[in-house]
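Take a look at the structure below.
All of the numbers you see were taken from the coordinates with simple rules; none came from a lab. This one's a predicted model, so the numbers in the text were calculated from it and none came from an experiment. Cβ placement follows ideal geometry from the backbone for every residue including glycine, while neighbour counts extend to all protein chains displayed.
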Amino acid sequence: MKIVVSFKVVPDDQDIQVSGDRSLDYSKAKPIVSTYDLNAMEAAAQLAAANEGSSVVGVTVGGSKIDDSKMKKNVLARGVDELYMTADDSCDGLDAHATAEALAELIAKVGEYDLILCGDGSADNYAQQVDVQLAAKLGLPVVNGATKIEAGDGFVTVERTLEDVIETVEVPLPAVVSVTPDIALPRIPGMKDILAAGKKPMNVAGAEGSYANAIEVVDCKAPEQADRKLEIMDAADDGAIEKFAAAIKAAL
Amino acid sequence: MKAFVLAERSDAARELCAGARTVADEVVLVAVGDMEVPAAVADKVLHVALPEGAVFDDAADTVIAAFDAEQPGAVFAEPTKHVKVVAGKLAAHAGASVITDVIAFEGDVATNMFFGGVGQKQQKAAGSVAFYTVGAGVFAEAQASGTNAVEELAWVAPAKAVKLVASKPIEKSGVDLFKADVVVAAGRGFAEKDELKLADDLCEKLGAGLGCSRPLTEGVDWLPTEVYIGVSGLMLSPKVYVACGISGQMQHMVGCNRAGALFAINKDKNAPIFKQCDYGLVGDIKTVLPALTAAL
Ligand SMILES: Cc1cc2nc3c(=O)[nH]c(=O)nc-3n(C[C@H](O)[C@H](O)[C@H](O)COP(=O)(O)OP(=O)(O)OC[C@H]3O[C@@H](n4cnc5c(N)ncnc54)[C@H](O)[C@@H]3O)c2cc1C
């Protein structure tokens, strides 16, 4: 089975700085794979391992910054066999509709496939919409919330964990399935995996088409922080725990 | 303007219809399957009966047909997994994108979270139809009205149907942290499930509800999914919040930073939570929690 795993590269939010005017500064933030897309990669790798003769292709679209060698090796060290990437500043900050369009063009280069996996939601927008938009663009069935996937003959059986029910569904292939983080814990690649990753095929190119957002961003700023007292005590100091307890009682 | 409301649960349907009413002069509720339609909330209720073996999501083609016939200017959808698929397919059909998990509206400008609360984005639809998913509470003040004229929609079968094999209800813990004045939250500082006893004891002393950060419900089943706090879980505003062994990542903090008083216990004095709390205690939960419980 040929599995495509679609992932997003985002600036590491640990290193996003808030400027004096509350605007966000990404200049120190390295490009990383969005957290929950690692779980999708792991799910893809495990599904491939469970079905002999399978392969996994990673696909991603974003600004030119996402063409980062460390990030690419990290992806290919996780059971992904080949990478396709559109890295072009015209693809920075695309909304779900535009992303799906760009991904669909990129996936056309991959050729035939059986299944496209997506993560639960990207760390930046967490819109949980690219899976659906991509499926609509490609004319494929889609299900989200997958916590288990088993390959059948021409279909996959998916367990979906929804808000109130667990559904078992059969999805005809090819299909798009987005997975919850619970489906598989990302592996920690070893040195050998990372070295081998450097030798795997990486297909990086600029954008072919142009993609227009259907959502207009009016403003984006850090929220105002609530004023907090910031009284920090060391538990080892005499009376600190009593003082902390008294503060809790006073607030009740 | 006409607005569509897509929901699968009655409470959400009522609130979204009320919200839609604040901007639209005609509110059309799309009710799929056997959702109990709340009384007097919409001008029109379009009912979609689900055929045997069909999944909720596959109602999308039927809803698209109704969308084309009715031509609404806005769509308000409940942010559940089923509804997100239907709303997404509808948006794709309209050449649009859904503005998701809106926390506030100002006219047609919607605010939502960016990077789990590191930022807030204000956005609006560039095209002629706006699509939103909106969580509970945003339209809590709005009043729904309407005569609920029911119309049955003819099922439009999808080209490639998903087959529903089984559906079984998830057993819930019944814990409602929204009702708790005091919430104690446990994070990854708890090294094993047994240590949660320390948090339980503190809860008992304080009459508090026990919640957690997301990692304690993922891959492990230490606590039920419905008690994790943060941008993708519960957004609480209790009187008192005591975070134990939680580092203070924004994705978690947006779920508790509207608390009246915020307390934090962490063994790392540089943990980000110490820059966002009222009172912080630097120490190991294994020793601090029993001592604190005793001191209360
Ligand atoms: C898209 C997205 C959405 C997310 N949504 C949410 C969400 O809704 N809610 C949520 O919680 N998270 C969410 N997360 C995850 C979030 O980014 C953090 O990973 C998570 O909140 C960290 O949980 P934690 O603080 O318990 O663990 P860690 O960050 O691992 O922190 C553990 C802390 O415990 C301290 N500690 C360790 N041992 C002890 C001890 N013995 N005594 C005292 N302190 C100790 C450590 O110093 C550390 O500060 C989301 C992430 C993404 C990418």
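Table: residues versus (1) in contact (Cβ under 8 Å) with a residue 60 or more places away in the chain; (2) buried (at least 16 other Cβ atoms within 10 Å of the Cβ).
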{"residue": "B:Val27", "(1), (2)": "yes, yes"}
{"residue": "B:Gly33", "(1), (2)": "no, no"}
{"residue": "B:Ala42", "(1), (2)": "yes, yes"}
{"residue": "B:Glu52", "(1), (2)": "no, no"}
{"residue": "B:Phe56", "(1), (2)": "no, yes"}
{"residue": "B:Asp61", "(1), (2)": "yes, yes"}
{"residue": "B:Asp68", "(1), (2)": "no, no"}
{"residue": "B:Ala74", "(1), (2)": "yes, yes"}
Exactly one of B:Ala110, B:Ala96 is part of a loop (DSSP other than H, G, I, E, B), touching a strand residue (DSSP E or B) at 6+ places or on another chain (Cβ under 6 Å) and small (Gly, Ala, Ser), and that residue is B:Ala96
Restricted to the stretch B:118-136 and to residues being more than 7 Å from every other protein chain (Cβ to nearest Cβ) and outside any loop (DSSP other than H, G, I, E, B), the residue farthest from the chain's Cα centre (by Cα) is B:Ala130
Do we find a residue being within 13 Å of another protein chain (Cβ to nearest Cβ), within 26 Å of A:Glu101 (Cβ to Cβ), in contact with a helix residue (DSSP H, G or I) (Cβ under 7 Å, 6 or more places away or on another chain) and surrounded by 19 or more Cβ atoms within 10 Å (Cβ to Cβ) anywhere in the stretch B:97-106? yes
Quick one: in the stretch B:269-281, which of the residues that are at the interface with chain A (Cβ under 7 Å from one of its Cβ atoms) and under 18 Å from B:Ala199 (Cβ atoms) is nearest to the ligand (Cβ to nearest atom)? B:Leu281
Quick one: in the stretch B:251-265, of everything that is in a loop (DSSP other than H, G, I, E, B) and within 10 Å of chain A (Cβ to nearest Cβ), which residue is nearest to the ligand (Cβ to nearest atom)? B:Val254
Of the residues that sit in the stretch A:106-148 and are within 16 Å of the ligand (Cβ to nearest atom) and among the polar types (S, T, N, Q), which one is surrounded by the fewest Cβ atoms within 10 Å (Cβ to Cβ)? A:Ser122
Among strands (runs of 3 or more DSSP E) lying entirely in the stretch A:143-252, which contain 2 or more residues that are more than 7 Å from chain B (Cβ to nearest Cβ)? A:155-161, A:175-179, A:202-205
Meets criteria (in a loop (DSSP other than H, G, I, E, B) and either closer than 24 Å to A:Glu242 by Cβ or near the ligand (Cβ under 7 Å from one of its atoms) (or both)) for B:Gly189: yes
For the stretch B:227-250 the number of residues that are more than 11 Å from the ligand (Cβ to nearest atom) and within 9 Å of chain A (Cβ to nearest Cβ) is 3
